[in-house]
Amino acid sequence: MFEAKTDLKTAIFFADGCEEIEGLTVVDLLYRAGIPCTKVSINDIPEVTSSHEVTFRTDTTIAELDFSEYDMLILPGGVPGTPNLRACDKLMEEVVSFHKEGKQIAAICAAPGIFAELGLLKGIPATCNPSRDDLLTENGAILKENKVVVSGNIITSRAMGTAIPFGLAIVEHYLGRDTARALGENILYYNG
């Protein structure tokens with residue numbers, strides 16, 4: 001059973017064509033840590049089909065979501081999932097608003113490119129899938145090759161293979177380094 005360890009809530013957004021591992025791994029880690037995480041479809045229905053043709057059900061749709069209840073917005077990557085997220089005007093408005101208010105935003109793989117296009121990474125250290133490096137640098141980001149980069153209220157990560165450290169960075173943000181480390185050890189990420 002899920003036992004919340006914080007009152008703060010996260011929302012992770014899924015579009016058709018998403019990279020399911022980048023999203024569902026984060027959901028799993030947040031659940032294990034006790035961090036509330038709502039899976040949100042940007043579709044009119046709560047079903048989403050990933051870029052690898054895995055269909056799954058989310059908790060709600062973006063039309064039904066009350067963004068004011070959330071502390072962090074999380075964007076997984078994937079193609080065409082990332083362009084589909086980028087085309088969602090409501091989500092883009094909220095990402096910009098969250099950033100402006102100092103609330104947390106996080107993205108992995110191609111999705112940090114969305115933050116770059118929105119002008120949120122200008123002068124900010126960030127990382128992304130190497131296929132999007134030019135997009136970040138062209139929009140003024142300070143490109144890093146770390147698995148995860150935490151820059152104030154922005155967390156970015158590189159790809160499917162960095163989904164676990166990305167999720168653990170979010171856990172660390174909410175519950176501290178010791179809790180994130182213990183979770184990583186429990187799933188044999190550090191000592192497996």
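Here, each number is a calculation from the coordinates, and none is a lab measurement. Because the structure is a prediction, the values reported are computed rather than measured. With ideal geometry, Cβ positions are generated from the backbone for all residues, glycine too; neighbour counts draw on all protein chains shown.
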(request) Output yes when any residue across region 27-48 is small (Gly, Ala, Ser) and within 21 Å of Asn129 (Cβ to Cβ), and no when none is. (result) no
(request) Only residues that are among the basic types (Lys, Arg) and either touching a Pro at 6+ places or on another chain (Cβ under 7 Å) or under 21 Å from Asn129 (Cβ atoms) (or both): list them for region 82-113, please. (result) Arg86
(message) I need the full set of residues from region 62-83 which are under 15 Å from the mean Cα position of the chain (by Cα) and among the polar types (S, T, N, Q), in order please.
(response) Thr82
(request) Would you mind telling me which numbered condition in (1) closer than 20 Å to Ile62 by Cβ; (2) surrounded by fewer than 24 Cβ atoms within 10 Å (Cβ to Cβ); (3) not charged (D, E, K, R) Gly23 fails? (result) (2)
(message) Within region 64-84, does at least one residue satisfy the condition of being crowded, with 17+ Cβ neighbours inside 10 Å, touching a Lys or Arg at 6+ places or on another chain (Cβ under 6 Å), farther than 19 Å from Val148 by Cβ and of a type in the set (Phe, Trp, Tyr)?
(response) yes
